[in-house]
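Okay, structure first, notes after.
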Amino acid sequence: MVFSSYIFLFAFLPVVLALYYLCPRRFRNGLLMAVSYVFYGWSNPAFVLLMFASTLIDYAAGLLIAGQWRPRAWREPVALLPSGGPRSPIQRLGLILSIVSNLGLLGFFKYYNFGVDTWNVLATALGRPEWAADATLRVALPLGISFYTFQSMSYTIDVYRGHARAIRRLLDFACYVAMFPQLVAGPIIRFSEVARQLVERRETWEKFARGLSFLCLGLAKKVLLANPCGKIADTVFGAGGGGVADAWYGAAAYGFQIYFDFSGYSDMAIGLGLMLGFVFPKNFDSPYRSASITEFWRRWHISLSSWLRDYLYVPLGGNRRGPFRTYINLAMVMLLGGLWHGAAWTFVSWGAFHGLLLIVERAAGRRPLYAGLPRPVQIALTFLLVTVSWVIFRSPDLSSAASMFGAMAGLRPPSPGQQILDGLVYAPYYFGAWLAAAVVTWTAPTTWDWTRRLTPTRIAATLVLGTLAVAVLSTQAYNPFIYFIF
């Protein structure tokens, strides 16, 4: 079930909101957990069992770390562990149990097929096909596993570090892990960010109104901008790029698609959270207005970037062990960040490309090589580099990416179907959506800022955009959510 569907907007969501606000406050977490399991199990109920198993493991691990395994501990309030203090073997065991189980689940379900295929290609290349593994078994990727495993791990790590208290009620913790607004595509919500909200939160008309505005604007981003830009990108990439202008047009279209698709989903997730009384952190901050790659990663998918920084980059040593070690840490984090997005060499290469750009900027004093140019030019060049990286990210394999780069560089002759391609991607509807995406990207305020003060004019504009998105949705057969596959 996706947010931009009639069954969610006009069946699931109204029923959930009605039940939630009719339900006594003390039972709302249990209700939210139950409806979240229905939401998650809509496509495959078996995946609910996997998520619940992960939830149980991390719940038990948190209690071990907090010392709640002792018989008398349940009679006392859960204590916050001293930050940076010594930890017992049992506490370390609890942390290891959480990390190993979460990474084990993520590794098996996300990378088993990739590992088998890579090994078989290597065996063939070495001239030893008999070494190839049986590729009959193919593992289905559970929706959102990359998000909820990272989110659940943040709980045990924060408890271990003394940044959050362990939670005693399993129902509350299961609600945190399974909460449907951000379950399958983020933002990655850290436990410390919502721990207090799980036990005491206030649902207000102001929150509900702002949440509805987030939902409408996110839906408009998705339906009115991301979907038509995605159609352009699919057509151009499917044709191998076409001419030079077509290739750059298609690459930029994919940049707009993934931005408005993912930021639109994040807006809807934040809005749904507000409608239920939760305040989630901002996940996008106009990333295409960045003047460097370093700034881009402070603005793009903020919940993942900060997670990788706090739970991977800093523990590796960050920038505290000299320039060379800093460069190694940056490379490792971006490689793993690329691999987190998907089990393919294109994602690894995408991460390596961004890692290299970050290393170059760090060596230059956290500034791009074009830092002396006017800021608008810096923004344009940064967008150019990001667009190049999206070609790697979007391509099904590295040879397809090379073909697309060849088209962008003018190294490929025009295809016989060039006029057909142009007729498809430059149709007024698609070209107009592409231009609108560009205008919104570089001139419009963020949803976060727009909804901070809801004037009558803003409310009217928001409702018009939401209504238009709902109307246009009925005409679109193309309605994917990119990050559902990660």
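Toward the positive end of the charge dipole of the chain, with +1 on the Cβ of Lys and Arg and -1 on the Cβ of Asp and Glu, the farthest Cα among S266, G94, G342 is that of G94.
This ranking places K231, K282, K221 by how few other beta-carbon atoms lie within 10 Å of each, fewest first, which gives K282, K231, K221. Net charge dipole, the stretch 356-477: roughly 480 debye, given to the nearest 20, about the Cα centre with Cβ charges of +1 for Lys and Arg and -1 for Asp and Glu. Note on the chain: with charges restricted to the Cβ of Lys and Arg (+1) and Asp and Glu (-1), its dipole about the Cα centre is near 1760 debye.
Ordering I459, I65 from the fewest to the most neighbouring beta carbons within 10 Å gives I459, I65. Rounded to the nearest 0.05, the FRET efficiency derived from the C-beta distance between A471 and S88 at R0 = 60 Å is 0.50. If you take the alpha carbon atoms of the chain and fit the smallest convex hull around them, that volume is 182 Å³ per residue. Extension gain, W205-A245: 0.36 nm per intervening residue step, less the Cα-Cα distance, totals 9.5 nm. Residues in the stretch 48-65 carry Karplus couplings, in order, of 5, 4, 5, 5, 5, 4, 4, 4, 4, 5, 6, 4, 5, 4, x, 5, 4, 5 Hz; the curve used is 6.51 cos²θ - 1.76 cosθ + 1.60 with θ = phi - 60°, and Gly or Pro positions show x. With the alpha-carbon atoms of the stretch 78-127 aligned to their principal axes, the span from lowest to highest coordinate is 58, 19, 16 Å, starting with the largest.
Put the Cα centre of the stretch 151-210 next to the Cα centre of the stretch 219-247 and the gap is 36 Å. The distance separating the Cα centre of the stretch 353-426 from that of the stretch 3-63 comes to 40 Å.
One decimal place: the segment A125-V377 gains 86.2 nm when fully extended, by the rule 0.36 nm per residue minus the C-alpha distance.
Over the chain, Cα pairs under 8 Å with separation of 6+ residues give a relative contact order of 18 percent. Placing a label point 7 Å from the Cα of T118 along the Cα-to-Cβ direction, the residues of the stretch 393-413 whose backbone N falls under 19 Å from that point are 393-401.
How long are the three semi-axes of the equivalent ellipsoid for the stretch 1-48, computed from the Cα gyration tensor as the root of 5 times each eigenvalue, in whole Å, largest first?
Rounded to whole Å, the semi-axes are 20, 15, 5.
Annotation: the residues Y148, Y59, Y429, sorted from fewest to most other C-beta atoms within 10 Å of their own C-beta, follow the order Y429, Y59, Y148.
Once you sort the root eigenvalues of the Cα gyration tensor of the stretch 334-420 as a ≥ b ≥ c, which label holds: rounded (a/c under 1.5), prolate (a/b larger than b/c) or oblate (the other case)? Cα axes put the stretch 334-420 in the oblate bin. Between W442 and L171, residue separation times 0.36 nm minus the direct Cα-Cα distance comes to 93.2 nm.
Using the beta-carbon distance between A402 and F52 and R0 = 35 Å, what value does 1/(1 + (r/R0)^6) give for FRET efficiency, to the nearest 0.05? Each step should come with its number before you reach the end.
Details: r = 43 Å, r/R0 = 1.24.
After rounding to 0.05, the efficiency reads 0.20.
Every number here is computed from the coordinates shown, using simple stated rules; none is lab data. Being a predicted model, the structure only gives us computed values, none of them experimental. Ideal geometry is used to build each Cβ from the backbone, glycine not excepted, and the neighbour counts take in all protein chains shown.
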